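These notes are about the structure you will find just below.
The values are calculated or read from the model by the stated rules, or taken from the named source; none is laboratory data. Everything numeric in this text was worked out from a predicted model, so none of it was measured. All Cβ positions, even for glycine, are placed from backbone atoms using ideal geometry, and neighbour counts span all protein chains on display. These area figures cover heavy atoms from the full protein model, side chains too; ligands, DNA and RNA do not enter into them. Shrake-Rupley method; radii C 1.70, N 1.55, O 1.52, S 1.80 Å.
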Amino acid sequence: MARTRSVIGYGGGAVAAGAAAGVAAGVGLLFGAITLEAIRAARPVDDGPDERLEQPAARVPRTVLAADGTPLNVVTYGERAEDRDVVVLVHGWTCTTEYWNPQLNHLIENGHTVVAYDQRGHGRSAHGKTRLTIDVLGHDLDAVLTEVVPPGRKAVIVGHSMGGMTIMSWAKQYPERVTQVASQVVLVSTAAVDVVQGIDVLPTVLPRYTDRFRPLVAKLITSTPVRLPRTAIGHRVAHYATLGPKARVAHVNFVDDLVCTCSARARAGWGSAMGKLNVTGGLRNLRVPTTVVVGTHDRLTPPAHADYMAEILRHNGSLRDLVIYEGVGHMSSIEAGADFNELLDKVLTEI
């Protein structure tokens, strides 16, 4: 009997080892396919710097404590325009307040008061000890809004990617605050549900057996806590994954710097949290005019997400517009900066 058990144990180990090798091979093939696709993709257009990306000079930093005591870096830009709504900008995964430089420079020049903050674990905001969840995003936004929106005033709240999820998380948990605090909302290149499951960076023409490994690869991409070094290949992957095929070199460089600077811990922690995303309830609670924005070449939050959100908002009577930028990727407010700034101007004149 002992001999039989020994043989069975060895066989089980061999099967497990074979299965692990099969998974490794499938995952390796998919990662290789992404890299190859990025290398084959069109090179970005080298047409010089983009002045919109420069850091605004007029800024007043402050610290706002989140509900759990975590200090968040909050920056106010521009004049104290008492007769205008505050514009609150909420950046996305792996970014910082600097992501919004194209909008900050434009809005400051036009006399608006603008507030941006670093999501916890990003930029100058602490990571904190609380486990990172989508609910935490909403709690942090509420803490910021409480501090930066004066009594009797309202805010136009703009969120990109994870920032849009933040707004919907906030609306889900604080439904009564939506109409009290927000005059309009802009959801940019974002999703309400199944965001990690829906990323579209993997080539479609691959052996069918790799299909079962795609969810694992998506999870590894978003949730693996490794430092991202600046390399030529990484630069190509950043272009392929986050921007459109005809993006500018200045934009690719800017985005690559943001992503590589983000801490591995925060990137993985928030990536894991987004794997459980479902803020559809918050989307339904956005009872103010809401604009949905997406690029046709968005691989991280493909246009199907925008269509889904727009349909729910349309049903609720709160969809202001669904704006689609042709040839633009995930970093739409950078890549289509001039058009997006014009959109914001229209939103702000409707208040």
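Structure notes:
- Picking from residues in the stretch 302-313 that are more than 21 Å from L243 (Cβ to Cβ) and open to solvent by less than 10 Å² (accessible area, probe 1.4 Å), the one that is farthest from the chain's Cα centre (by Cα) is L313.
- Taken together, the criteria exclude V188 from residues that are closer than 23 Å to V294 by Cβ, surrounded by fewer than 20 Cβ atoms within 10 Å (Cβ to Cβ) and in contact with a strand residue (DSSP E or B) (Cβ under 6 Å, 6 or more places away or on another chain).
- Residues of the stretch 39-68 that turn out to be among the small types (G, A, S), open to solvent by 30 Å² or more (accessible area, probe 1.4 Å) and closer than 26 Å to G152 by Cα, as a count: 2
- Within the option set H106, H139, H127, being open to solvent by 20 Å² or more (accessible area, probe 1.4 Å), in a helix (DSSP H, G or I), at pLDDT 95 or above and closer than 21 Å to M274 by Cβ holds for one residue only, H139.
- Options T222, T261, T231, T190: the member that is over 27 Å from D307 (Cβ atoms), under 19 Å from the mean Cα position of the chain (by Cα) and polar (S, T, N, Q): T261
- Scanning the stretch 32-54 for residues that are within 22 Å of the chain's Cα centre (by Cα) and either at pLDDT below 95 or over 22 Å from L104 (Cβ atoms) (or both) yields I34, T35, A38, P44.
- Any hit, the stretch 84-103, residues being out of contact with any strand residue (DSSP E or B) (no Cβ under 6 Å at 6 or more places or on another chain), open to solvent by 30 Å² or more (accessible area, probe 1.4 Å), within 19 Å of V255 (Cα to Cα) and in a helix (DSSP H, G or I): yes
- Per-region count, the stretch 69-83, residues touching a Leu at 6+ places or on another chain (Cβ under 7 Å), buried (at least 20 other Cβ atoms within 10 Å of the Cβ) and not in a loop (DSSP other than H, G, I, E, B): 1
- Single condition T224 does not satisfy, out of (1) at pLDDT below 95; (2) polar (S, T, N, Q); (3) open to solvent by less than 20 Å² (accessible area, probe 1.4 Å): (3)
Residues checked against (1) of a type in the set (S, T, N, Q); (2) within 17 Å of the chain's Cα centre (by Cα); (3) open to solvent by 20 Å² or more (accessible area, probe 1.4 Å):
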site: V255; (1), (2), (3): no, yes, no
site: A273; (1), (2), (3): no, yes, no
site: P289; (1), (2), (3): no, no, yes
site: T296; (1), (2), (3): yes, yes, yes
site: L300; (1), (2), (3): no, yes, yes
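- Which listed residue is farther than 18 Å from D50 by Cα, of a type outside the set (F, W, Y) and either at pLDDT below 95 or out of contact with any Lys or Arg (no Cβ under 8 Å at 6 or more places or on another chain) (or both), from V323, V279: V323
- Pairs where the first residue, in the stretch 119-130, is of a type in the set (V, I, T) and the second is outside any loop (DSSP other than H, G, I, E, B) and open to solvent by less than 50 Å² (accessible area, probe 1.4 Å), C-beta under 8 Å, 6+ apart: T130/V136
- Listed by position, the helices (runs of 4 or more DSSP H) inside the stretch 270-351 whose residues that are in contact with a Phe, Trp or Tyr (Cβ under 7 Å, 6 or more places away or on another chain) and within 22 Å of T96 (Cα to Cα) number at least 2 are 332-335.
- The stretch 228-242 - residue that is of a type in the set (G, A, S) and either touching a residue at least 60 places away in the same chain (Cβ under 8 Å) or surrounded by fewer than 16 Cβ atoms within 10 Å (Cβ to Cβ) (or both) and, of those, farthest from W93 (Cα to Cα): A232
- Options P245, P225; residue that is touching a residue at least 12 places away in the same chain (Cβ under 8 Å) and closer than 17 Å to W93 by Cα: P225
- Taken over the stretch 304-351, residues that are acidic (D, E) and within 18 Å of R287 (Cβ to Cβ) amount to 3.
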